[in-house]
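Asker: Below is the structure I would like to discuss, written out as structure tokens.
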């Protein structure tokens, strides 16, 4: 989500710069020199935002979920603890390392555990 916002801001800034250049008079071209401090500040801001995005993604992928699997062949439901990043469609790996693949008849209930 953050990446989409940053990309939108970059596109808007580039568009505004292009429009401003077209509207400026042709007879008086000015050299556009961006001070090095502005570049450094921009890079620091982008690095901090990328770090925050990476940290949020890391936290999200490591969130522990409780999966309750209701199977038609078994009488009682099975409960598993899984990290969000270890889920892939109908397959997942539990915290204990057990690899589980579900059938089409299985129902799954997913509940996030409080940290």
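Asker: Which one is nearest to residue 64 (Cα to Cα) among residues in segment 83-103 that are surrounded by fewer than 14 Cβ atoms within 10 Å (Cβ to Cβ) and touching a strand residue (DSSP E or B) at 6+ places or on another chain (Cβ under 7 Å)?
Answerer: Checked segment 83-103; the qualifying residue nearest to residue 64 (Cα to Cα) is 95.
Asker: How about segment 81-109: which of its residues are part of a strand (DSSP E or B) and under 22 Å from residue 58 (Cβ atoms)?
Answerer: Those that are part of a strand (DSSP E or B) and under 22 Å from residue 58 (Cβ atoms): 81, 82, 83, 84, 85, 86, 87, 88, 91, 92, 93, 94.
Asker: Moving on to the next point. May I ask you to verify whether residue 45 is loosely packed, with under 13 Cβ neighbours inside 10 Å, without any contact (Cβ under 8 Å) to a residue 40 or more places away in the chain and in a loop (DSSP other than H, G, I, E, B)?
Answerer: Taking the combined requirement at face value, the residue does not satisfy it.
Okay, residues lined up against (1) touching a strand residue (DSSP E or B) at 6+ places or on another chain (Cβ under 9 Å); (2) modelled with pLDDT of 80 or more; (3) on the phi > 0 side of the Ramachandran plot; (4) assigned to a helix (DSSP H, G or I):
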{"site": "4", "(1), (2), (3), (4)": "no, no, no, yes"}
{"site": "12", "(1), (2), (3), (4)": "no, no, no, yes"}
{"site": "18", "(1), (2), (3), (4)": "no, no, no, yes"}
{"site": "29", "(1), (2), (3), (4)": "no, no, no, no"}
{"site": "34", "(1), (2), (3), (4)": "no, no, no, no"}
{"site": "37", "(1), (2), (3), (4)": "no, yes, no, yes"}
{"site": "40", "(1), (2), (3), (4)": "no, yes, no, yes"}
{"site": "53", "(1), (2), (3), (4)": "no, yes, no, yes"}
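The values are calculated or read from the model by the stated rules, or taken from the named source; none is laboratory data. Note that the structure is a prediction, hence the values are computed from the model and not measured. Reconstructed Cβ throughout: ideal geometry from the backbone, glycine too, with neighbour counts over all protein chains shown.
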